[in-house]
Amino acid sequence: LVYWPNGQFEIGGNMSDKKVWLVTGAGRGMGLDIAKAVLAAGDNLVATGRNTDKVAKALGESANLLVVKLDVTNPSDAEYAAKAVLDRFGRIDVLVNNAASFYAGYFEELSSEQMERQLAASLIGPMNVTRAFLPIMRKQRSGKIISISSSAGFGGFAFGSAYAASKFGLEGWMESVQTEVEPFGIQTMIVNPGFFRTELLTEESTNYAKAYIQDYNEGREQQHAFWKAQNGQQSGNPAKLAQALIKLASQKEMPHRFIAGADAIGTAEQKVALLQQQIDAYRGLSTSLDYDS
Ligand SMILES: NC(=O)c1ccc[n+]([C@@H]2O[C@H](COP(=O)([O-])OP(=O)(O)OC[C@H]3O[C@@H](n4cnc5c(N)ncnc54)[C@H](OP(=O)(O)O)[C@@H]3O)[C@@H](O)[C@H]2O)c1
């Protein structure tokens, strides 16, 4: 079902107690699993994507479904989506910033254009969408924003400088916004998945840097082999993650962070231990930097 709004809207027009969700990148991967889980829970869904035919085909018909074109890198798409949601449902309860891409490669071999495209999709994209929906949530004095980060949101890794930069950025932004919008009844949750079996590591979603620096030849070969071998073998089941998100979003208070998957917990625990070790190693020097008075 593709719905074209007439540009008129009214907040509070929908008196139903079904929640209204918007999911970005709902045509495939984790976004599709989240979208299916929302419909299965009986809630209303605004499923968005760059290609609305693809999204509509993936989800089939449902009275609770509105499909809207939303390329997250385009702020006017985001504003249009916000108007379409108000026009059709009169409110927004849960916004899921899911869409992202993966630019893989050594930092020196990633072009500045690739870095910009990574940040545009995975960092600026969620900002564009959230900026369009916050005025509605503030007016409602309610709303939940779920941003899908990664274990790359708290730990960098070789070949992942672009992706990790986008996810670290996403987290710094989301944590800051959380404190700004909390007074208006708006909650945020960062989700850190480990490896989940989606389409992220397929050619459609993963873009490799151009190989041209000889010093990296050996490592690059191993990296390519690793990432290609991971595709289809990831242990995480995105349908189960989708169910977990439905559960968390239905709580009165969502956690500010949800670490998804035993592998992601392992990465988080390593990071916590490393930070503690880094604090302890130079505590004396760190705490000796104030003015003497
Ligand atoms: N799978 C994992 O192991 C894993 C681990 C950690 C975090 N994550 C995160 O989970 C989220 C979902 O990823 P996934 O694993 O489901 O990947 P995926 O299967 O590759 O799906 C990516 C989705 O994002 C959409 N997308 C990409 N660029 C977009 C844009 N500019 N505007 C709108 N939609 C766009 C894609 O739509 P198109 O069909 O139009 O390309 C697709 O629907 C991402 O934030 C990812 O970083 C995934």
Of (1) within 13 Å of the ligand (Cβ to nearest atom); (2) in contact (Cβ under 8 Å) with a residue 40 or more places away in the chain; (3) out of contact with any strand residue (DSSP E or B) (no Cβ under 6 Å at 6 or more places or on another chain), ASN231 satisfies every one except (2)
(1) of a type in the set (A, V, I, L, M); (2) in contact (Cβ under 8 Å) with a residue 60 or more places away in the chain; (3) over 21 Å from TRP227 (Cβ atoms): which one isn't true of VAL177, the others all being true?
(2)
So which residues in segment 40-53 are surrounded by fewer than 18 Cβ atoms within 10 Å (Cβ to Cβ) and within 8 Å of ASN64 (Cβ to Cβ)?
GLY42
Are there any pairs, at least 6 apart or on different chains, whose C-beta atoms fall under 6 Å, with the first in segment 191-217 and farther than 19 Å from SER235 by Cα and part of a loop (DSSP other than H, G, I, E, B) and the second of a type in the set (Lys, Arg) and at pLDDT 95 or above, and if so, which?
ALA211/ARG220
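So for segment 67-86 (the condition being of a type in the set (A, V, I, L, M) and more than 22 Å from GLY125 (Cβ to Cβ)), does at least one residue qualify?
Taking every residue of segment 67-86 in turn, none turns out to be of a type in the set (A, V, I, L, M) and more than 22 Å from GLY125 (Cβ to Cβ).
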Quick check on ALA225: is it surrounded by 18 or more Cβ atoms within 10 Å (Cβ to Cβ) and either among the aliphatic types (A, V, I, L, M) or over 16 Å from the mean Cα position of the chain (by Cα) (or both)?
no
Going by what's in this entry, would ASN6 be described as near the ligand (Cβ under 9 Å from one of its atoms), surrounded by fewer than 16 Cβ atoms within 10 Å (Cβ to Cβ) and either of a type outside the set (Val, Ile, Thr) or modelled with pLDDT under 95 (or both)?
no
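Residue by residue, here is whether (1) within 12 Å of the ligand (Cβ to nearest atom); (2) at negative phi holds:
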| position | (1), (2) |
| --- | --- |
| SER149 | yes, yes |
| GLY156 | no, yes |
| PHE159 | no, no |
| PHE168 | no, yes |
| MET174 | no, yes |
| VAL181 | no, yes |
Would you confirm whether any residue within segment 261-283 is at pLDDT 95 or above, aromatic (Phe, Trp, Tyr) and more than 30 Å from GLY42 (Cβ to Cβ)?
yes
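When the residues of segment 106-120 are narrowed to those that are within 16 Å of the ligand (Cβ to nearest atom) and touching a helix residue (DSSP H, G or I) at 6+ places or on another chain (Cβ under 8 Å), which ends up nearest to LEU201 (Cα to Cα)?
GLN118
The values are calculated or read from the model by the stated rules, or taken from the named source; none is laboratory data. What you see is a predicted model; the values in this text were computed from it and never measured. Cβ atoms come from the backbone with ideal geometry, glycine included; neighbour counts cover every protein chain shown.
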